[in-house]
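For reference, the structure is listed below as structure tokens.
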Amino acid sequence: MSFADIQARRQAKGAKSFVGSSPKTSGAPPPLVEAPPTPLYGGLPSSVDVRTGPERGRGLYTKGQVKKGGTILTIKPHIYVLSTKNLELFCSSCVSPAPAAGLKRCTQCKNLWYCNATCQNNDWAIHKKECAAMQRWAAGAPSPDVAIPAEPIRCLGRVLWGMQKRGLSNVWTREIDAMQSNRTSLPPEAAESHTHLAHAVIRYLGLNAPEELVPFGIDSAGGIVDLTSRFVTNSITLASPSLAPLGVCVSPSIALINHSCEPNAVVVFPRSTKDPASQEPEAQVIAIRDLLLDEEIFTSYIDTTLPRSHRQEALSATYNFACQCVLCSRPPEPDPREAITCPKNCGSAVPFPSEEVPVTHCTNCKSAVSWSDAMQDALRIGQEALQKATSLQFSDMAKAQQLTTNIIPMLTSAKFLPSSHPLLALTRLHQSLLLAAFPINLTQDALDGLVRASSASVTGLSLILSPGHPTRALALAELGKLLAVDEPAPRHTKPASGTGAQPFPPSGPARLRLACETLIRARDELTISFGERNDGGEVGREVREMVVRLERELAAWSQGIRNVIEDTPGLGKGLK
């Protein structure tokens with residue numbers, strides 16, 4: 001007897017009623033009527049609706065107006081796992097970072113860590129089977145480097161154990177089954193990758209063949225490959241409040257939301273619950289612009305700072321579709337992702353020329369820019385440097401930083417816009433490398449260099465992303481925090497000769513004022529991107545406290561100046 005047959009018999013038994021209010025009747029009993037199945041997506045609020053369209057299939061739509069910063073959806077993912085490198089750093093149950101006292105490790109598998117016994121007990125129902133699987137996997141691993149399965153394998157294992165525990169008719173399982181799969185239309189290389197993942201999952205579960213998956217509701221090899229396809233297509237990044245990737249998660253409700261390269265909403269994990277042990281990780285879908293009645297909700301599946309060709313390639317490789325959003329079908333002219341500053345410095349921009357369009361013109365003064373070997377070399381060298389530095393950022397940070405340090409000035413001198421690709425990507429990578437190498441004995445040069453890199457990232461992102469986008473808001477917050485760092489050796493600089501412009505970054509009180517102004521801007525945007533009701537999430541609350549502290553410091557400095565003036569005879573008169 002299969003698992004499905006057992007479930008059917010249990011349902012039939014549960015449908016019988018042994019309490020009646022009507023008189024007994026003679027003859028054969030009336031036929032049993034099967035209760036209608038519980039509707040899917042019961043976690044969705046009444047303010048949104050699932051609808052099916054001819055072009056994009058299912059999607060989420062508003063049933064009323066939503067203001068930017070408004071929370072559209074709040075839900076805990078069905079399944080989530082931490083990436084291997086984060087297992088020791090975060091609780092595997094509530095995803096809280098390790099406290100000062102440290103986390104507690106599972107004494108059996110020795111791989112998962114928890115805040116305390118409460119978090120471990122909350123996770124034990126599913127970790128009980130996962131614990132044995134991880135020990136079995138480690139025993140057969142060819143080297144310590146692969147002794148812990150990758151997060152897709154562990155996440156799919158948890159999905160299957162969840163389906164087995166709840167049964168095929170349970171809403172939880174049916175929502176997993178209802179997620180879209182692209183298995184039948186995948187290109188050969190993607191289908192092969194999904195098949196390899198399916199085989200790894202079977203081995204992780206301790207099975208020898210796909211036929212042994214029947215207790216999990218899967219009755220063929222195609223069924224497990226189909227599940228892996230649904231996972232790859234619909235899983236999202238489990239992120240920290242600052243968008244740092246922590247792992248992977250599956251939420252069928254969030255998976256209903258379609259993609260746009262110009263999203264009107266974002267998925268974030270603001271960590272704003274009252275009971276993290278039972279409620280976290282909590283995902284929220286936040287509107288980053290005002291939404292109208294009956295408007296479809298869109299998030300972005302990829303990095304939208306990339307040029308159109310890169311975005312289309314990424315979407316095709318992972319999600320197997322070509323985006324037809326406004327940004328892709330009618331891109332701006334020029335697109336700041338692919339543009340240089342006007343050669344006549346009129347303040348406008350010129351699209352990148354190419355072999356297909358060898359001559360382009362400034363949108364303002366109509367100055368012409370021609371496709372040249374120098375332009376071709378700059379794009380090629382910049383892209384190669386980005387790929388190389390990205391691959392080295394963890395294994396050889398010094399080499400990666402050397403690449404970004406050398407290539408960024410070359411692209412800047414070629415008049416690439418700060419938002420253009422690959423300059424923006426190199427700038428953001430350079431900033432992260434400088435931050436990772438931040439010296440313990442801080443120097444003024446190191447601090448100022450990091451502030452300048454952070455400012456360049458903000459400039460580039462602000463030309464592409466709308467106010468309230470979380471990536472832009474967090475970049476502003478990062479810049480403000482760096483400006484607020486105590487200077488090791490403040491510089492008393494004067495404006496450059498003949499320009500009147502202060503060198504950047506400023507020093508002393510001017511630096512504190514700029515830090516305060518930047519953090520106020522960041523807080524305004526964080527309140528949008530991480531939700532107004534969340535007070536901007538964990539980062540927004542931190543920024544608010546920093547603003548209060550800086551305002552006090554500036555007030556104390558101003559009062560000190562006034563006291564000196566008042567206590568120095570004739571000084572106040574001389575300053576009038």
Kindly check whether there is at least one residue in the stretch 299-319 that is within 22 Å of Arg56 (Cα to Cα), in contact (Cβ under 8 Å) with a residue 24 or more places away in the chain, surrounded by fewer than 16 Cβ atoms within 10 Å (Cβ to Cβ) and among the hydroxyl-bearing types (Ser, Thr, Tyr). yes
Out of Pro334, Pro307, I need the residue that is within 26 Å of Thr459 (Cβ to Cβ) and in contact with a Ser or Thr (Cβ under 7 Å, 6 or more places away or on another chain). Which one? Pro334
Answer yes or no as to whether Ala475 is assigned to a helix (DSSP H, G or I), open to solvent by less than 60 Å² (accessible area, probe 1.4 Å) and over 30 Å from Lys67 (Cα atoms). no
Failed item, numbered, when Thr360 is tested on (1) assigned to a loop (DSSP other than H, G, I, E, B); (2) surrounded by 16 or more Cβ atoms within 10 Å (Cβ to Cβ); (3) of a type in the set (Ser, Thr, Tyr): (1)
If I filter the stretch 102-123 for residues that are open to solvent by 40 Å² or more (accessible area, probe 1.4 Å), free of Cβ contacts under 8 Å to residues at least 12 places away in the same chain, assigned to a helix (DSSP H, G or I) and under 24 Å from Cys155 (Cβ atoms), do I get at least one hit? yes
Quick one: Ala287 ticks every box in (1) under 21 Å from Gly43 (Cα atoms); (2) of a type in the set (Gly, Ala, Ser); (3) open to solvent by 20 Å² or more (accessible area, probe 1.4 Å) except a single one, so which number is it? (3)
Criterion: within 27 Å of Thr173 (Cβ to Cβ), open to solvent by 30 Å² or more (accessible area, probe 1.4 Å) and of a type in the set (A, V, I, L, M) - qualifying residue of Ile236, Ile254: Ile236
Taking the condition of being in a loop (DSSP other than H, G, I, E, B) and either touching a Pro at 6+ places or on another chain (Cβ under 6 Å) or within 28 Å of Cys91 (Cβ to Cβ) (or both), how many residues in the stretch 280-302 meet it? 5
Of everything in the stretch 38-88, what is surrounded by fewer than 12 Cβ atoms within 10 Å (Cβ to Cβ), among the small types (Gly, Ala, Ser) and touching a strand residue (DSSP E or B) at 6+ places or on another chain (Cβ under 7 Å)? Give them in sequence order. Gly53
Which condition does Gly206 not pass, out of (1) of a type outside the set (A, V, I, L, M); (2) touching a residue at least 12 places away in the same chain (Cβ under 8 Å); (3) open to solvent by 50 Å² or more (accessible area, probe 1.4 Å); (4) assigned to a loop (DSSP other than H, G, I, E, B), if it passes all the others? (3)
Residues Ala339, Ala378, Ala385, Ala389: which one is in contact with a strand residue (DSSP E or B) (Cβ under 7 Å, 6 or more places away or on another chain), open to solvent by less than 40 Å² (accessible area, probe 1.4 Å), within 21 Å of Ser457 (Cβ to Cβ) and modelled with pLDDT of 90 or more? Ala339
Residues of the stretch 311-334 classified as more than 18 Å from the chain's Cα centre (by Cα) and in a helix (DSSP H, G or I), total: 8
Considering only the stretch 279-294, I want to know if a residue exists there that is farther than 24 Å from Glu175 by Cα and either of a type in the set (Lys, Arg) or modelled with pLDDT under 95 (or both). yes
Taking the condition free of Cβ contacts under 8 Å to residues at least 60 places away in the same chain, open to solvent by less than 50 Å² (accessible area, probe 1.4 Å) and part of a loop (DSSP other than H, G, I, E, B), does Ser507 pass? yes
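The values are calculated or read from the model by the stated rules, or taken from the named source; none is laboratory data. Predicted, not measured: the structure shown is a model, and the values here were computed from it. Positions of Cβ are generated from backbone atoms using ideal geometry, with glycine treated the same way; all protein chains shown enter the neighbour counts. Surface areas here come from the heavy atoms of the whole protein model, side chains and all, with no ligands, DNA or RNA. Shrake-Rupley method; radii C 1.70, N 1.55, O 1.52, S 1.80 Å.
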